[in-house]
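Presented below is the structure to which this report refers.
The values are calculated or read from the model by the stated rules, or taken from the named source; none is laboratory data. Computed from a prediction, not measured in an experiment: that's the story for all the values here. Positions of Cβ are backbone-derived with ideal geometry, glycine not excepted, and every protein chain shown enters the neighbour counts.
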Amino acid sequence: MNPISFLTQMIRIAIPYLFAASGGVVAERSGIVSLTLEGFMLSGAFAAVLGTNYSGSPWVGVLSGMIGGLIFAMIHAVATIRYRADQVVVGVAINLLAIGVTRFFLKLFFASSSNSPRVAGFGGNPNAAGFDNPLLWIGIFVAPLMAFVIYKTPFGLRVRAAGEHPEAAESVGVSVKRVRYVAVAISGILAALGGVYLALDQHQFTDQMTAGRGFIAISAVIFGRWDPIRAALACLLFAAAEPLQIQLQGSHAIPSQFVEMIPYALTIIALAGVVGRAVPPAALGKAEG
Amino acid sequence: MSTATQPIGAKPTLAGTPWRERAEEALIPPVVALLVALICGDLLILSYGQSPAAVYRLLLEGTWGNAYGFGQVLYKATTLAFTGLAVSFGLRAGLFNIGGESQLAAGGFAAALTGLVLPMGTPLILALPLCMISAGIAGGAVGFVPAYLKTRFGAHEVIVTIMLNFIVLALLNWIIAGHLHVPETLHTPEIHAGVLPRLADIDPRFHGSAANLALIVAVFVAVAVWFYLFRARGGYELRAVGLQPDAAEYGGISVGRVWLRALTFSGVIAGMGGINYVLGYKHYYEDGFASGAGFLGIAVALVGRNHPFGVLVAAFFFATLSQGGLAIHAFVPKQMMDVLQGVVILAVAMAVPEVRRILLSSRRMKDA
């Protein structure tokens, strides 16, 4: 495989991770655990197919996908911020709920328990190798954009304060709750876009099509130590494993299952601090009084 | 009343609150969740143009209304009881074990291997303990990793258990797909020893349902967990650490040791759950058999309010939902139950802190 096609493949695989991880960084930096990324992605993917199917326009699909993610993000936010429910439990619930809701609606709207009909998508020029898809370009720039938001804007400062020291933030007049609501909303919309990209790229929705990508995104967030750029690099690293494995398959050097393990194993190693500890935001997972 | 002597907002103590207040706090959230789920269920059924009353009647008839359906509920409840007990055991020590999925799979795999290695005709009285021990060791080994990383490096157990799920399941998939499967399938050959009798062998009315002796084992494990948590010294330490790790450490309890024990044994319990499918139902290990049961264990522990007997009830409830989906499938897609599961978890998770707050403030009003 030549290096150019390797790179393009890697980027295309990385796009859903990049969207979801960028969203995850924002939510986690504000102090809200992002185990929900998988659910946001799945709901975004389904809503995008629904919107595209009934309008014929993938842009309507993008919009409805973002709304789909936002709805689930708001459930997450209300449960954890307003009701101070356990963030891990709510995360599990949101993921199960997203699987359930998309399955139910798949049956209701498309009378199928496995997949939707084929819908329109972006691009499709075989020579462009997927790079004629505007979502792909948005995906490439989403991490730098989030880095700018987090480090260079007043809102970003509030997000970091809410995640590190909520009491101090409150004492200078920042509404930690409002900041967290917005941060979770952003994470829902961005992760949903990851799902939208996936669904429109494959021109259909299939049951549980995100297949753990939301968890790879969480891995990238942790492995990237809660920094948008480093998380994006982690996404690229994890995405490189797949074309590499296809490359290696001919020689039977490494079984595919071991390649699948790489992101998760690296994350555990990062958490255990073998090479530079990954330290989460101080107030992560703690309900704000 | 007790709140007069307690600081505001204090967590319940080990033995402090009167049982009536504890019962209110424990039972109201699941009841609220059930009502919310019923309403959501109504809406989903109506969206399909069906009558909620008729569908709910069908659900009850298909689950508790006949021996086969009831047997299936009991079978599904058995696995959920194991994973639910596992999660609640960890939570009593303040630790979240999300690794039930892979611990259950590892346990099932070990049980199948043991059943394969044992010679044909090994009596059950010998084979069952051996299979259970190996299942427990396999699950416990998976549980030990996050426990060790937590106590040694402070790595958060939630993330480690999630990541480990993927790693262990991929590893098992590699072993099965690459080495141990019967051609054209993703399961091992049938075990030689350790096959558990089914309920249908005792009462023929259960014919066709998969409910088996593992159900009794699950009840025994629940009683053992109850005894350990509430009657043994180790369980007292475990609960003390769960309520206030700093205070427990100050009181002379080694928090790290308790964490290590809690997560490892949480894995052991989840691993032993593998016997229900492997020894009781299919008699082989199949890739993906544990899918979903680990995560539902979290729901079961939550709804069961982390009490071993509450967990049994909650396992029965979630098994009813799952079997009920099949009963109503002709009228409303069974996927409705996936939605309701999520709704129940979400509603309980939201109701628990809210109910505690409301009860606390109303008691304070009464005291004043």
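Assorted remarks:
- Residue in the range B:114-122 that is within 25 Å of B:Ala193 (Cβ to Cβ), of a type in the set (Gly, Ala, Ser) and crowded, with 24+ Cβ neighbours inside 10 Å present: yes
- Criterion: out of contact with any strand residue (DSSP E or B) (no Cβ under 6 Å at 6 or more places or on another chain), in a helix (DSSP H, G or I) and crowded, with 23+ Cβ neighbours inside 10 Å - qualifying residue of B:Val278, B:Val332: B:Val278
- Candidate set from the range B:199-212 (those that are touching a Leu at 6+ places or on another chain (Cβ under 8 Å) and not in a loop (DSSP other than H, G, I, E, B)); member that is nearest to B:Phe70 (Cα to Cα): B:Phe206
- Looking across the range B:326-341, the residues that are touching a residue at least 40 places away in the same chain (Cβ under 8 Å) and more than 10 Å from every other protein chain (Cβ to nearest Cβ) come down to B:Leu326, B:Ala327, B:Ile328, B:Phe331.
- Hey, B:Leu164 surrounded by fewer than 23 Cβ atoms within 10 Å (Cβ to Cβ) and either hydrophobic (A, V, I, L, M, F, W, C) or more than 26 Å from B:Leu74 (Cα to Cα) (or both) or not: no
- In the range B:302-317, the residues that are at pLDDT 95 or above and within 14 Å of another protein chain (Cβ to nearest Cβ): B:Ala314
- When B:Gly94 is tested against (1) modelled with pLDDT under 95; (2) more than 14 Å from chain A (Cβ to nearest Cβ); (3) under 30 Å from B:Thr161 (Cα atoms), only condition (2) is not met.
- Residues (more than 9 Å from chain A (Cβ to nearest Cβ), surrounded by fewer than 23 Cβ atoms within 10 Å (Cβ to Cβ), within 24 Å of A:Glu260 (Cα to Cα) and among the aliphatic types (A, V, I, L, M)) located in the range B:132-161: B:Ala141
- Scanning the range A:71-120 for residues that are surrounded by fewer than 20 Cβ atoms within 10 Å (Cβ to Cβ) and either in contact with a strand residue (DSSP E or B) (Cβ under 8 Å, 6 or more places away or on another chain) or away from chain B (no Cβ under 12 Å) (or both) turns up A:Ile71, A:Met74, A:Ser114, A:Asn115, A:Pro117, A:Arg118, A:Ala120.
- Failed item, numbered, when B:Gly100 is tested on (1) closer than 23 Å to B:Ile216 by Cα; (2) surrounded by fewer than 23 Cβ atoms within 10 Å (Cβ to Cβ): (2)
- With respect to being out of contact with any Lys or Arg (no Cβ under 8 Å at 6 or more places or on another chain) and more than 14 Å from chain B (Cβ to nearest Cβ), A:Val60 fits the description.
- Of all residues making up the range A:260-281, the number that are at pLDDT below 85, surrounded by fewer than 18 Cβ atoms within 10 Å (Cβ to Cβ) and of a type outside the set (Lys, Arg): 5
- Filter result (among the hydroxyl-bearing types (Ser, Thr, Tyr) and closer than 22 Å to A:Lys286 by Cβ) within the range A:164-218: A:Ser171, A:Ser175, A:Tyr181, A:Ser187
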